[in-house]
Structure formats: structure tokens, C-alpha cells
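Okay, structure first, notes after.
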Amino acid sequence: MTTEVQKMSSVTVRVPAKVNVQLSVGPLREDGYHDLVNVFHAVSIHDEVTARQARSITVSVTGGWAAEVPLHDGNLAVRAARALAERAGFGGGAELVIHKAIPVAGGMAGGSADAAGALVACDELWGLGLPREELMEIAAELGSDVPFSLLGGTAIGTGRGERLTPLPVGGPFHWVFAIADTGLSTPEVYKECDRLRGTAPVPEPKADEELLAALRNGDAAALGRRLANDLQEAALALHPPLAGTLRSGLDAGALGAIVSGSGPTCAFLARDAAHAAELAGVLAATPGTRTALPAEGPAPGATLI
Ligand code: C5P
């Protein structure tokens, strides 16, 4: 038996997409962010991030969304790997390969998922063994949604969404995601939300106790009635066809329908897996929809596979 530490040559991490079942947006802060009450729910649409030994940090993307992913400096997975190397004082590199299934610019935290995947994959590849809390700190610096992509499950986020408390959930819940044939920019959707609010006073966001009870009880019908997203009006203003997508799902019997995060992906809650498959068939035929994907939540956070 050898006592020498074996260096991994390749590590793969699976990371989930998310939907916000409650997204309450407070007033604009001086730093350009908004205080949130953000109930995140991870779902079974996954990216996979593979890291291999290399001299420098590089990234490539495979899968249906590959052409839409920014490479090099704008890529959140590259920024994550660099931030981790810097924090740990590590001088090596990694070749990152992202297999992308989460829509790009879709409001499902696809970029954040890749950043979380890169953190966990490089930590393992480089043998750093950083504690989860330290990975969480780096994650929060990379973006408001990155800590949740690490954590997964269902959790309430406060602050700009990065301060997380896990929530008990009696699911699983069955969802369908209608992926639009275009993307929306998160900062632009927040800006539109502020513009629509004008000078009216904005209350501090509060958790919806009925929604939390619906999650705890695994009560899909009650959850469907309580879904709420303060960014929805802004997303609809920037991309009006989404109103027709939401209507199609509700007309087809969805228990609830909501724009996911800053959109334009629309999320529909179904009664069960068979109902989700049926809704997906209807939604896939809706104009402006690129594809409709059934999924279950809650799903685990970034996981080595
Ligand atoms: O944190 P992240 O880089 O993902 O945020 C992207 C943009 O979304 C921010 O630049 C800001 O415009 C907006 N945002 C916000 N309030 C939050 C989170 C994000 O205004 N709590």
C-alpha cells in the first residue's frame, strides 16, 4: 500500500438548476443590489462540470446550449476556478469541460451552477479539501445565486440571496419548465422592476408562511396557489409573449405558473410525473417556446459523481 497522495486526473460534478418559488424584492440598495426573500428550490435539470489536470485554467462547453455560453473571462466557472486557486494559494490549472443542459440566460441559475460545479471539482482535483463554509464564501463573492447552487435542496435566501437557511420539504414536487427561444439579462430585469415601481415606497420583503407550510407538507396544490415572483411583471414587460406561455400552462391544468427568477423560463407545477409529461407536451407546442422539460424538486446541490 502506498501512502503517497494520489492526484485525481479527472473529476466530474453534477449541479442542479433552480426555480424561485417565492422571490420578493425589496428596495434598491446603495450598492446596486436589492434585499430579497428568495425561496430557492433546486430541480433535476443538471449541468456537469468536469475538471482535468492542466497547466492553466481553460473552459469548453458541450451540449445544446454550447454556442450561447461565454468563454474565457466572462465565464463564471473560470472565474470560480481562479478565485479558488487564489484563495488557496494554488499555482496550477484545470481544463474545465461543461456539459450544459440548464438554459443560458434563462432565470434558472445556469451560470451559477457551473461556478458551483467548478469550485467543487477544482477543490477535489487540486486536493485542497477546503471546508464547505469557505467554498460558500467564495461562492457568495462570485454571485448571489452561487451559494445555493452548492447547497441545493430548498432554502430561503436573504440579503442579496446569498445568506441561506435550508427548509424542510415534504415533496417531491413535479415541474415543467418552458424554455423560451430567447434570453433575458438579470440586471436589466431588476432595472425594469425598479422602473415599473417608480417612486412608490417598497416594503421590506417577508417570507410567505403559507408557502413555507405548503413546502413542508408536500402540498403541491397549495404551493401552486402561493407561487410569487416580484420580477415577473418586469420580465413580462421586457418579453410580452411570456404571458401567453403562462396562460397555456394554466389552461392545460397546471397547479401554478410563474416566471423562473429573472426569466424568461416559465415554471409550471404539476400534480404528478404523468401530469408533468402531459403539460410538457402542450407547452412544447406553445409559440416562442424552444423546449419544455419535466423535472422534479428538490434536487441535491453540487455533487461529485
Ligand atoms: O449577484 P449577481 O452577479 O448574480 O447579480 C446580477 C445582477 O442582478 C446584479 O448586478 C444586480 O443588478 C441584480 N441583483 C440585484 N439584487 C440581488 C441580486 C441581483 O439587484 N439581490
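Sorted by average packing, counted as other Cβ atoms within 10 angstrom per residue and highest first, what order do 97-108, 63-74 take?
The most tightly packed comes first, giving 97-108, 63-74.
Per 20 Å bin, what is the whole-percent P(r) computed from every C-alpha pair distance within the chain?
35, 56, 9, 0
Between the range 51-122 and the range 147-182, what is the separation of their alpha carbon centroids in Å?
Here the two parts' Cα centres lie 21 Å apart.
Quote the charge dipole size of the range 173-301 about the Cα centre in Debye, to the nearest 20; the model charges only the Cβ of Lys and Arg (+1) and of Asp and Glu (-1). Let's see the in-between values first.
On the way: 10 positive and 15 negative charges, 22 e Å.
Its charge dipole is roughly 100 debye.
Along the charge dipole of the chain, pointing to its positive end and built from +1/-1 on Cβ of Lys, Arg, Asp and Glu, which listed residue (A67, A80, G107) has its Cα farthest out?
Of the options given, the answer is A67.
Cβ neighbours within 10 Å, averaged per peptide: list 129-136, 224-231 in order, most packed at the top.
Per-residue Cβ counts within 10 Å, averaged per peptide and sorted highest first, yield 224-231, 129-136.
Dipole size in debye (nearest 20) for the chain around its Cα centre, Lys and Arg Cβ +1, Asp and Glu Cβ -1?
My answer is approximately 280 debye.
Assigning unit charges at the beta carbon (Lys, Arg +1; Asp, Glu -1) and nothing else, what dipole magnitude in debye, to the nearest 20, does the range 211-269 show about its Cα centre?
140 debye
Which of Q53, Q232, Q22 ends up with the largest GNM mean-square fluctuation for the chain, with Cα atoms connected below 10 Å?
Q53
Rounded, prolate or oblate: pick one for the range 35-167, where a ≥ b ≥ c are the square roots of the eigenvalues of its C-alpha gyration tensor, a/c under 1.5 means rounded, and failing that, prolate if a/b is larger than b/c, else oblate. All intermediate terms of the calculation are to be shown ahead of the outcome.
Values: a/c = 1.96, a/b = 1.24, b/c = 1.58.
In terms of gyration-tensor shape, oblate.
Taking the dipole about the Cα centre of the chain, with the C-beta of Lys and Arg at +1 and of Asp and Glu at -1, give me whichever of L135, L242, V169 is farthest to the positive side.
The Cα lying farthest towards the positive end belongs to L242.
Of V39, A116, A207, which is farthest towards the positive pole of the chain's charge dipole, taken about the Cα centre with +1 and -1 on the beta-carbons of Lys, Arg and Asp, Glu respectively?
A116
Every number in this text was worked out from the coordinates using simple rules, so none of it is lab data. Please read these numbers as outputs of a predicted model, since none were measured by experiment. Here the Cβ is made from the backbone with ideal geometry for all residues, glycine too, and neighbour counts use every protein chain on show.
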